[in-house]
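Student: Please read through the structure below; I'll follow up with questions.
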Amino acid sequence: MEHLLTEEQLDVKRAVREFAEGEIRSSVAARDESGEFPADIMRRLGELGFMGVNTPENLGGTGMDTVCYAIVIEELSRVDPAVGVIASVNNSLICYPLEKFANAEQREKWLRPLAAGKLLGAFALTEPESGSDAASLKTTAVRDGDAYVLNGTKAFITNGANAQVHLVFARTDKTVEKSKGISAFLVPAGAQGLRVGTLEKKMGIRSSDCVEVNLQDVRVPAANRLGKEGEGFKIAMLSLDSGRIGIAAQAVGLSQGALEEAVKYSKQRVQFNRPICEFQAIQFKLADMEMLTQAARLLVYAAARKKDAGGRYNHEAAMAKLFASDVVTKVTLEAVQIHGGAGYLMDYPVERMLRDAKVTEIYEGTSEIQRFIIARNVLSA
Ligand SMILES: Cc1cc2nc3c(=O)[nH]c(=O)nc-3n(C[C@H](O)[C@H](O)[C@H](O)COP(=O)(O)OP(=O)(O)OC[C@H]3O[C@@H](n4cnc5c(N)ncnc54)[C@H](O)[C@@H]3O)c2cc1C
């Protein structure tokens, strides 16, 4: 697939792979067990320009194309998808909407340090009672002079315990259609009344933190509203289109990592006096894993190119995410199967990889919601 990449994209791939092998791999298993947030790794990724890959250079980012961004997330996730998602949230769900909707003052104050990795952002849309039906969120933001007062609870917030700023979606108007009454706010983590809950105990990607964020009479200056009043749902949906390319890339990277582990093990493990890779049953599994991973990668690059070309790309992003997340679940499951009993033990990375994979079918819109988006586009074409 490298023949499809430009010199710049190949350079990025090599650089991130070297970083992931040299500075991430050795701590993956320990962080999976402890759940410790990879603070040093994220700081280094910021220094290398990988926390604002797409953000234009004049706004503090690295100014690369979306294929480069996908490659960054893919290569990080090949080794550690927890690091991949932390970076993806900051890049796609924070820097991207700020690039598109922030005013000059907000760009200087927030986007520049976020894109440079000096600050970390969290995207707070989901609530205990609104997940797939995000437009029904209940958190409120009531205008009071030159400020808004926010009340509500956000659930499942990635980076929530480590972020310095939360992009919070709250209802500013209850009299209009649900999706039209929502606005977006930049809320500093230290704001009075913002309380971060305990870390959720997750199946996988354990060193990426996920918390509830409670807002009780949190007062934010009106200058912290991102975009116009009522524009919040649109901002959230555009952010998620961009985010889905990141999650799809995360799935492709993890799939690639699992395939490599399976190939390695199948060459080492001897049964019936032969390495198991000589059995056609194992070879056919490896062939399917390779084909599916490559096909998913093509869909990710296609979605990234569509985004760079301008115009809407929600169809391509949804297809890339749906397919790649389905692939990574299948591929990691087969990687465990190829390891036999060893694959069921924590001694081998494929056990963690299978646990890490599942969430790609759930967050940033479940697979059912991706199918809904794709079908709606097909039917309205
Ligand atoms: C580890 C992790 C990290 C996350 N990080 C973030 C984050 O940083 N920020 C954030 O805002 N959110 C985050 N989320 C939340 C995530 O986006 C939601 O969990 C997801 O959108 C699904 O919402 P839900 O969990 O409420 O499931 P529900 O919406 O309750 O869905 C339950 C099931 O019903 C299905 N379903 C729902 N509606 C329909 C329908 N109309 N048709 C068919 N099927 C349907 C779903 O597909 C699913 O299978 C995170 C979640 C996890 C697990």
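The values are calculated or read from the model by the stated rules, or taken from the named source; none is laboratory data. Just so you know, these numbers come straight off a predicted model, no measurement behind them. Please note: Cβ atoms are built from the backbone with ideal geometry, for glycine as well, and neighbour counts cover all protein chains shown.
Student: In segment 131-161, how many are over 18 Å from ALA191 (Cβ atoms), within 7 Å of the ligand (Cβ to nearest atom) and either hydroxyl-bearing (Ser, Thr, Tyr) or part of a loop (DSSP other than H, G, I, E, B) (or both)?
Tutor: 4
Student: Here's something else I'd like to know. Kindly list, by first and then second residue, each pair from a residue in segment 76-95 that is in the same structural domain as GLU361 (by TED's automatic domain parsing) to a residue that is away from the ligand (no atom under 11 Å from the Cβ) and part of a helix (DSSP H, G or I), limited to pairs with Cβ atoms under 6 Å and residues at least 6 apart or on different chains.
Tutor: From residues that are in the same structural domain as GLU361 (by TED's automatic domain parsing), there are no pairs.
Student: Restricting to segment 304-325, name every residue that is over 14 Å from MET237 (Cα atoms) and buried (at least 18 other Cβ atoms within 10 Å of the Cβ). Spell out how you get there, then give the answer.
Tutor: Taking segment 304-325 and keeping what is over 14 Å from MET237 (Cα atoms), we get 304-311, 316, 319-325.
The answer is ALA304, LYS306, LYS307, GLU316, MET319, ALA320, LYS321, LEU322, PHE323, ALA324, SER325.
Student: Would you be able to say whether some residue in segment 194-202 is in contact (Cβ under 8 Å) with a residue 40 or more places away in the chain and buried (at least 20 other Cβ atoms within 10 Å of the Cβ)?
Tutor: no
Student: For the list (1) without any contact (Cβ under 8 Å) to a residue 60 or more places away in the chain; (2) more than 10 Å from the ligand (Cβ to nearest atom), I need the number of the one condition that GLY117 fails.
Tutor: (1)
Student: Still on this structure, please answer the following. Return the total of residues in segment 204-214 being within 11 Å of the ligand (Cβ to nearest atom) and closer than 17 Å to GLU36 by Cβ.
Tutor: Going through segment 204-214 one residue at a time, the tally reaches 7.
Student: With (1) among the small types (Gly, Ala, Ser); (2) assigned to a helix (DSSP H, G or I); (3) within 16 Å of the ligand (Cβ to nearest atom) as the list, and GLY341 as the residue in question, which single condition is left unmet?
Tutor: Of (1) among the small types (Gly, Ala, Ser); (2) assigned to a helix (DSSP H, G or I); (3) within 16 Å of the ligand (Cβ to nearest atom), only one is false for GLY341: (3).
Student: Answer yes if at least one residue in segment 348-358 is over 24 Å from CYS210 (Cα atoms) and assigned to a helix (DSSP H, G or I), and no otherwise.
Tutor: No - not one qualifying residue is present in segment 348-358.
Student: Ok, one more. Output the residues belonging to segment 346-374 that are aliphatic (A, V, I, L, M) and within 16 Å of GLY204 (Cβ to Cβ).
Tutor: Those that are aliphatic (A, V, I, L, M) and within 16 Å of GLY204 (Cβ to Cβ): MET346, VAL350, MET353, LEU354, ALA357, VAL359, ILE362.
Student: All but one of (1) farther than 27 Å from SER26 by Cβ; (2) surrounded by 24 or more Cβ atoms within 10 Å (Cβ to Cβ); (3) aliphatic (A, V, I, L, M) hold for ILE362; which doesn't?
Tutor: All conditions are met except number (2).
Student: Which count do you get for residues in segment 4-47 that are surrounded by 17 or more Cβ atoms within 10 Å (Cβ to Cβ), more than 17 Å from SER77 (Cβ to Cβ) and more than 18 Å from the chain's Cα centre (by Cα)?
Tutor: The number of residues fulfilling the criteria is 0.
Student: For the structure I just gave you, tell me whether ASN103 is more than 16 Å from the ligand (Cβ to nearest atom) and farther than 19 Å from LYS228 by Cβ.
Tutor: no
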